[in-house]
Structures are given as C-alpha cells and as structure tokens.
Amino acid sequence: MNSSLTPKSLFRRFISILANLKLAIALLLAIAVISITGTVIEQAETLTFYQQNYPESPALYGFLTWKVIVAWGFNHVYSTWWYLSLLILFGSSLTACTFTRQLPALKAARKWKYYQKPKQFEKLALSAELERGSIKSLVDLLKQKKYKVWQQDNALYARKGIIGRIGPIVVHLGMLIVLVGGMWGIFTGFFAQEMIASGNTFKIQNIIESGPFSSPQIPDDWSVKVNRFWIDYTNNGDIDQFYSDLSVIDDGGAELKRETIYVNHPLRYDGVTLYQTNWSIAAVRVQLNNSPVFQIPVAKLDTLNAGNIWGTWIPTKPDMSSGVSMLIKDLQGTALIYNQQGELTSAIRISQSVEIDGIKIKLLDIIGSTGLQIKADPGVPIVYTGFALLMIGVVMSYFSHSQVWALEQNNSFYFGAKTNRAQVSFEREMLGVIEDLSARESTNIAEPSTSLV
C-alpha cells in the first residue's frame with residue numbers, strides 16, 4: 001500500500017479534479033443540453049398525453065417513446081435526481097475552483113513587492129532601461145492615469161484594475177446563487193393547472209408537480225373567483241387574445257385583489273402566479289319554451305386534429321326519448337343544431353331560438369372556461385439576485401489588472417509593467433508613459449533602450 005495516499009492527499013486530489021476547468025465546462029454543457037430537452041419535451045403532462053404524442057411505434061427518432069420519457073423522468077426533468085445531482089456537482093466544482101484558484105489569484109494580486117534588482121525587470125512583458133529617470137516624475141504620470149502608487153526610497157510599485165481580479169469570484173458567486181435559487185425553487189415550489197368556468201370559485205387543488213417542502217406555498221386561506229372569461233377575435237375569426245377577470249377572495253368572501261389576466265400578463269398574489277394558458281367551453285344555458293333556464297354541460301369532441309368542437313345533447317321530451325344535438329366551435333355565440341338523424345337543421349346565435357318538434361329552444365349563453373397555469377417558485381428572487389451578481393461580475397472581469405515597477409540605481413532608471421488583458425493598448429499606454437517621462441527629464445536625453453519580452 002502506498003503510504004503517500006493519506007486521506008489528506010486523497011482529499012486534495014479529489015478537490016483538484018473537482019476544480020478542473022474541463023470538468024466544469026463538461027458539466028455546464030450537460031446541464032444546458034438537459035435543460036434544452038426539458039423545453040422540447042412537454043413537462044408535467046398526463047400519461048395519456050405522452051402515450052398519444054410519443055407512441056412506441058413509430059418511435060420518435062427511433063428511440064424516444066413514452067416509456068423512455070417516463071422511465072428516465074423526461075416528463076419532469078428539472079426535479080429528477082440525476083439533474084439535481086448534476087447541479088450539485090457543478091456547484092461543487094465552482095466552489096472548489098473559487099477556493100483553489102480564484103481566491104489564491106486575488107490574494108497573490110494583492111501581495112506585491114518592490115523590485116530591487118535590474119534582473120527582476122527582464123521577466124516582465126514590457127521593460128525598459130533609461131539613462132535617466134525620476135521616481136517623482138513617474139508618480140505624477142501614473143497618478144494621472146488612475147494608478148495607485150506605492151514608493152519606497154528608490155523603488156516604486158503601482159497598479160490599477162484590481163477589480164478585474166475580483167470579477168471572476170463574483171461571477172462564480174453569482175452562478176452558485178443561481179444554482180441555489182433554482183434548487184430552492186424545485187424543493188419548495190409547486191405547479192398546478194385548473195380549468196374553471198366563468199362565475200365559479202376554486203381553491204388550488206390540481207397540483208401537477210410539487211417539491212417535498214412546498215406545502216407552505218400552497219394557499220389554503222384564499223380562493224380565486226373567475227368573474228368572467230372572454231375571447232377577442234380578429235376579423236377573420238381567429239383568436240386574437242383571451243382574457244380572465246379574476247378575484248382573489250378570502251374565506252369570508254372579501255375581495256383581496258382583482259385583475260384581468262391574459263397571455264404574458266399574469267396575476268401575482270402571496271407568492272403565487274396565475275397565468276392564462278388555455279380555454280375551453282364548459283356549458284350552454286338554454287330555455288325550452290317557458291321552462292326554467294337549464295345549464296347543460298358540453299364535452300369536447302374528438303375531431304382527429306381537425307379543430308376544436310364541443311357538443312351536447314338537449315332533450316325535447318320529458319322522458320328524454322328524443323332531442324337534438326348542439327355543436328359549438330368557439331365563443332363567438334353561434335351554435336349548430338342537428339336532429340336525431342344527424343342532419344343539420346339550423347344555426348342559432350345567443351338570444352335566438354329555434355323550434356323543433358313543437359319545442360322552442362332558446363340559446364341564452366355559451367359559458368367559457370379559463371385554463372390557468374398556477375406556479376409558486378420561492379427561488380425566483382434568489383435566482384434574480386444571482387443573475388444580477390453574474391452580470392456585475394462579468395463587467396468587473398473586463399477591467400485589466402495592470403502593474404508597474406520602477407527602480408533608480410547606478411545612474412540608470414529601470415521601468416517594467418505587465419497586465420492580464422488588452423496587451424496592445426496597455427503597451428501603447430506604457431510606451432507613452434516612457435516618452436512623457438523622458439521628455440520631462442531632458443529634451444537632450446538619447447532615445448531609451450527598450451525591450452519587449
């Protein structure tokens with residue numbers, strides 16, 4: 001057994017592997033690919049939906065079937081154990097990289113020393129030896145260019161852009177906060193769907209997906225009332241937009257908030273967001289002769305993808321031995337009436353009536369249903385905070401960390417500088433400093449001997 005493989009050395013080796021840049025990039029690409037998969041494959045749908053849209057024969061792309069989707073959790077990608085494991089591993093890699101590379105780099109950048117020997121200048125990206133020079137003149141020139149300057153006897157050190165060294169750390173911190181916010185949302189949030197007819201009140205119950213700690217987020221002390229649902233149509237009869245007038249009410253019936261929602265304009269209350277996503281037809285209100293008003297439910301018919309049609313059967317005799325079929329395709333107020341032989345007898349609009357078998361059938365209203373997608377994600381503010389830090393860190397990273405050294409010794413003046421980015425513009429700046437320094441000393445000084453290493 002190799003005695004060098006101590007627990008401490010194994011831990012260091014593990015951290016070294018975890019902090020590897022190639023591993024972090026591979027994990028990030030894997031997370032990106034899986035996230036894209038989660039947007040391509042519909043999430044949190046019913047088993048029937050996946051069986052209909054991803055059949056075993058023919059399989060999509062030759063392998064993607066509903067069984068594969070369900071078995072591997074592609075119907076709820078973002079809460080699978082393997083996706084969460086990737087997030088945790090990527091976060092661990094970022095943390096290891098921050099502590100083993102970025103923080104030491106910042107610490108090294110904050111530590112500096114004066115150069116006391118001419119040979120020390122030879123290793124710098126830009127170095128020059130002048131016949132004459134003045135530390136005092138150089139201090140003035142560097143301060144004009146926003147450098148922070150330290151001076152000791154015949155030596156000088158200056159720098160600017162230390163923020164550029166802090167930037168990558170802020171980027172890593174922002175990414176970690178984004179990951180934490182995303183995972184917090186997965187564990188504490190929920191996703192629900194409701195189809196509610198106009199005039200009805202509901203509590204959020206149809207939970208499609210929820211985290212293990214989501215119970216406090218699911219409201220039990222308030223409900224939502226659908227005051228009205230309607231659709232605006234274009235001149236061609238196509239749907240332009242659909243709207244839901246919603247009220248949040250407490251258990252005593254008092255209205256807490258009211259808002260009309262439509263696509264991309266949700267209602268937000270108490271950390272819960274209600275989106276307008278779908279619609280349907282719930283019922284028709286009809287009157288037979290002078291009878292009371294009947295509200296008869298309708299059902300969506302299977303048209304083999306030929307369009308949306310809802311239908312119901314209206315009895316015309318008390319014993320229900322005969323009646324008519326009513327078909328509706330939208331909320332524009334028109335219904336088609338078919339007799340028992342399946343023949344189209346008439347088309348009526350709201351407030352109109354038709355007489356069949358001596359019975360006057362009057363269409364009073366077509367009641368629509370609003371399809372609501374309801375979400376609660378407590379991790380969103382955390383994600384936004386992390387994203388803001390990420391953007392700030394990216395901007396900070398663009399600042400160049402530039403350093404300058406100078407030494408007066410033996411009637412010679414040594415000058416050297418380096419930076420971590422924007423090398424060309426930095427060299428132009430430093431050569432300008434050298435020229436200004438030479439001009440300040442004497443107009444008769446010979447051209448400085450410079451060497452770019």
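In region 190-376, what % of DSSP beta bridges are antiparallel (nearest 5)?
Around 100 percent of the beta bridges assigned by DSSP in region 190-376 are antiparallel ones.
Would you mind getting me the FRET efficiency between Q205 and K22? Use the beta-carbon distance for r and R0 = 56 Å, nearest 0.05.
On the way: r = 48 Å, r/R0 = 0.85.
Efficiency computed from Cβ-Cβ geometry: 0.70.
Taking Cα pairs under 8 Å and at least six residues apart, what relative contact order does the chain come out at, in percent?
21 percent.
Leaving out same-chain residues fewer than 8 places away, which lysines sit with a Cα under 25 Å from that of K203?
Counting by Cα, and skipping residues close in sequence, K203 has these lysines nearby: K225, K257, K300, K375.
For K107, give me every one of the lysines with a C-alpha distance below 16 angstrom, ignoring sequence neighbours fewer than eight places off in its own chain.
List returned: K160.
Straight distance only, please: which lysines reach the Cα of K123 with their own Cα at less than 17 Å, same-chain residues fewer than 8 apart left out?
Cα-Cα hits under 17 Å: K113, K418.
Please identify the DSSP H helices in the chain that span no less than 30 Å along the helix axis (Cα) and have a mean Kyte-Doolittle hydropathy of 0.0 or more. Write out the running numbers ahead of the final one.
Working: long enough: 163-188 (36 Å, 1.69).
Membrane-span-like by this rule: 163-188.
In a shell of Cβ-Cβ distance under 12 Å around I208, excluding I208 itself, what net charge do Lys and Arg (+1) and Asp and Glu (-1) give?
Once positives and negatives cancel, what remains is -3.
I'd like to know which of Y269, T370, Q295 lies farthest towards the positive end of the charge dipole of the chain, counting +1 on Cβ of Lys and Arg and -1 on Cβ of Asp and Glu.
Farthest towards the positive end: Y269.
Using 0.36 nm per residue, how much length does the chain from N289 to D245 gain when fully extended, once their Cα-Cα distance is taken away?
12.6 nm
Would you please put 408-420, 292-304 in order of how densely packed they are, using the mean number of other Cβ atoms within 10 angstrom per residue and starting with the highest?
408-420, 292-304
Calculate for the chain the 222 nm mean residue ellipticity that helices alone would give, adding -39,500 (n - 2.57) per DSSP H run of length 4 or more and normalising by residue count, nearest 500 deg cm²/dmol.
Calculated mean residue ellipticity at 222 nm is -10500 deg cm²/dmol.
Nothing charged except the Cβ atoms of Lys and Arg (+1) and of Asp and Glu (-1): what's the magnitude of the dipole of the chain about its Cα centre? Round to the nearest 20 debye.
For this selection, approximately 2580 debye.
Which parts of region 158-197 would a label at T273 reach, counting a residue when its backbone N lies under 16 Å from a point 7 Å out along Cα-to-Cβ?
Counting only backbone N, you get 181-193.
Sorted from fewest to most neighbouring beta carbons within 10 Å, what does the list W310, W222 look like?
W222, W310
Any read-out appearing in this document is the output of simple, stated calculations on the displayed coordinates, not a laboratory observation. Since the model is a prediction, treat every value here as computed from it, not as a measurement. Note: ideal-geometry Cβ built from the backbone for every residue, glycine included; neighbour counts use all protein chains shown.
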